[in-house]
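The block underneath contains the structure these notes are about, expressed in structure tokens.
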Amino acid sequence: MILRSAPASPFGRKVKIAASLTGAMSSLSVVDADTMDDADSIRRENPLGKIPALILDDGTTLYDSRVIVDYLDHLSGGMLIPKDAPARFLALTRQALCDGMTDAALLIVYETRFRDESERSARWVAHQEGKIARGLAALEASAPVGTIDIGHIAAACALGYFDLRLGGTWRDSHPALVAWLDAFAAKIPAFEKTRFRQS
């Protein structure tokens, strides 16, 4: 299988950690994709031109990260997505929350990366920051506990992305989450292994 991603992608990181925990990493070849390059084959592999995308051995392509993780979990017999309620829906809802926060952070990054300063919208950025702030408050009040599932992984990848792209400003006001992320990183070596370091 071929995973099209990019080193800094938080959603690609989520898939890589899931692949590591399910034992699928040894079956993956990770191939970088440039979503801004018209000639990159990612636009044929995923018509949306987004990453991550997983190309199966028969040529079928799966996207986005939630579908890919579900597939890897299916192959493993169900290690990361609990089978029974209420644990299943708690994990999936937490994944949705953390993916939404990550999407909001990406939109903030894109606002500065792709718009001239005169075209940027402070109101739009504040709207996205509100999503992140509310999500962080929810996680601070109820951080993931128990057996590692996709909700834990999504939370760790969101917080890691906030460190990378938003300067880690979340840390000062969320001590419980800081401690939680430190414990997650100590328990899951793939988190550190997949960390993107800016040169």
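The values are calculated or read from the model by the stated rules, or taken from the named source; none is laboratory data. Please read all numbers here as calculations on a predicted model, not as lab measurements. Cβ atoms come from the backbone with ideal geometry, glycine included; neighbour counts cover every protein chain shown. Accessible surface areas use protein heavy atoms only, side chains included; no ligands, DNA or RNA. Shrake-Rupley method; radii C 1.70, N 1.55, O 1.52, S 1.80 Å.
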Report summary line: Sole miss for Phe114 among (1) under 23 Å from Lys50 (Cβ atoms); (2) hydrophobic (A, V, I, L, M, F, W, C); (3) in contact with a helix residue (DSSP H, G or I) (Cβ under 6 Å, 6 or more places away or on another chain) is condition (3)
Query raised in the report: When region 35-56 is examined, which residues are found to be closer than 18 Å to Lys14 by Cα and among the basic types (Lys, Arg)?
Result: Lys50
Report task. Pull up region 186-199, narrow it to residues that are within 19 Å of Thr102 (Cα to Cα) and over 15 Å from the mean Cα position of the chain (by Cα), then point me to the one that is modelled with the lowest pLDDT. Result -> Gln198
Query raised in the report: Can you pull out the residues in region 57-73 that are assigned to a loop (DSSP other than H, G, I, E, B) and closer than 23 Å to Phe89 by Cα?
Result: Tyr63, Asp64
Query raised in the report: Going through region 1-51 one residue at a time, which ones are under 19 Å from Gln198 (Cβ atoms), in a strand (DSSP E or B) and open to solvent by less than 40 Å² (accessible area, probe 1.4 Å)?
Result: Ser5
**Report entry** Selected residue (criterion: nearest to the chain's Cα centre (by Cα)) from residues of region 74-91 that are over 23 Å from Leu56 (Cβ atoms) and part of a helix (DSSP H, G or I)
**Finding:** Ala91
Query raised in the report: Right, Ala96: under 13 Å from Ile150 (Cβ atoms) and either surrounded by fewer than 16 Cβ atoms within 10 Å (Cβ to Cβ) or modelled with pLDDT of 95 or more (or both) or not?
Result: yes
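Would you confirm, using the coordinates I've provided, whether Leu54 is touching a helix residue (DSSP H, G or I) at 6+ places or on another chain (Cβ under 6 Å) and in a strand (DSSP E or B)?
It is true that Leu54 is touching a helix residue (DSSP H, G or I) at 6+ places or on another chain (Cβ under 6 Å) and in a strand (DSSP E or B).
Let's see how each residue does on (1) of a type outside the set (Lys, Arg); (2) under 20 Å from Ala6 (Cβ atoms); (3) free of Cβ contacts under 8 Å to residues at least 12 places away in the same chain:
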| site | (1), (2), (3) |
| --- | --- |
| Gly78 | yes, no, yes |
| Ile81 | yes, no, no |
| Ala104 | yes, yes, no |
| Gly130 | yes, no, yes |
Query raised in the report: In this structure, is Asp73 buried (at least 16 other Cβ atoms within 10 Å of the Cβ), out of contact with any Asp or Glu (no Cβ under 6 Å at 6 or more places or on another chain), within 25 Å of Met36 (Cβ to Cβ) and at pLDDT 95 or above?
Result: no
Query raised in the report: Could you give every pair whose Cβ atoms fall below 6 Å, whose first residue belongs to region 170-185 and is within 11 Å of Ala137 (Cβ to Cβ), and whose second residue is of a type in the set (Phe, Trp, Tyr), counting only separations of at least 6 or pairs across chains?
Result: Trp170/Phe162
Requested in this report: List every residue pair whose Cβ atoms sit under 8 Å apart, with the two residues 6 or more apart in sequence or on different chains, where the first one lies in region 133-147 and is at negative phi and the second, anywhere, is open to solvent by 50 Å² or more (accessible area, probe 1.4 Å) and of a type outside the set (Gly, Ala, Ser).
Outcome: Gly135/Leu97; Ala138/Leu97; Leu139/Leu97
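Given the structure, is Ala176 loosely packed, with under 14 Cβ neighbours inside 10 Å and touching an Asp or Glu at 6+ places or on another chain (Cβ under 8 Å)? Break it down stepwise before answering.
Working: loosely packed, with under 14 Cβ neighbours inside 10 Å: yes; touching an Asp or Glu at 6+ places or on another chain (Cβ under 8 Å): yes.
When the stated conditions are applied, Ala176 passes them.
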